[in-house]
1. Tally the residues that are part of a loop (DSSP other than H, G, I, E, B) and loosely packed, with under 15 Cβ neighbours inside 10 Å, restricting the search to segment 44-68.
2. Just one of 183, 142 is surrounded by 14 or more Cβ atoms within 10 Å (Cβ to Cβ) and more than 25 Å from residue 25 (Cβ to Cβ); which is it?
3. List, please: which pairs have Cβ atoms under 6 Å, are six or more places apart or on different chains, and start with a residue in segment 152-176 that is in contact (Cβ under 8 Å) with a residue 60 or more places away in the chain and end with one that is in a helix (DSSP H, G or I)?
4. Can you find a residue in segment 151-168 that is modelled with pLDDT of 95 or more and under 21 Å from residue 208 (Cβ atoms)?
5. Looking at the structure I just gave you, is residue 143 closer than 16 Å to residue 38 by Cβ, free of Cβ contacts under 8 Å to residues at least 24 places away in the same chain and out of contact with any helix residue (DSSP H, G or I) (no Cβ under 8 Å at 6 or more places or on another chain)?
6. Restricting to segment 108-135, and then to whatever is touching a helix residue (DSSP H, G or I) at 6+ places or on another chain (Cβ under 7 Å) and at pLDDT 90 or above, can you tell me which residue is surrounded by the most Cβ atoms within 10 Å (Cβ to Cβ)?
7. Please return the ranges of helices (runs of 4 or more DSSP H) entirely within segment 139-216 where 2 or more residues are in contact with a strand residue (DSSP E or B) (Cβ under 6 Å, 6 or more places away or on another chain).
């Protein structure tokens, strides 16, 4: 099963992707992580990406698609993958569909997590993570079980992203609505779009996603 989690920054895509990975044995694919891994491995597309990254430019869509193509060919993706944060534009969506078709693969569902902008600003402003293992937390919604101690690795060091503030979030939301929102009618036309209430609790969102997946 291959799916995309679609939603604005701060909607909780990363948290839900990790839960799906753990429960359905699908692999979460983050374009940022894949780019860094391909560069480190020195693959052909990784070297192409490295040249753009070192010059400070955006990595072209065809290079990103090439890296995704390489990644889903690996054995751990045989049960399916979860794309989180990609595609962002209609051109990327079309290129992704073409690549999957060439591999005789398809997207089973594109799950839209609907969240109000004002709620997202509050969510993102409260995010932080473990400095050692990267486990994510939130000042209000997801605190460590033991105050100041990471649930996953026991570290007591945490960090916040510099761009996790209301002003930056508003700018990112504007970009999302301008560029990524047009993907909704694109995938709706293909019959794979499913929308859920991303403003519910984390567990309730997981329940909604599992309901969508069980119906596929």
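1. Matching residues across segment 44-68 total 5.
2. 183
3. Listed pairs, sorted by first residue: 169/121; 169/124; 173/117.
4. No, segment 151-168 contains no residue that is modelled with pLDDT of 95 or more and under 21 Å from residue 208 (Cβ atoms).
5. no
6. That would be 111.
7. Result: 202-214.
The values are calculated or read from the model by the stated rules, or taken from the named source; none is laboratory data. Just so it is clear, the model here is predicted, and its values are computed rather than measured. Because the Cβ atoms are built from the backbone with ideal geometry, glycine has one as well, and the counts that use them run over all protein chains shown.
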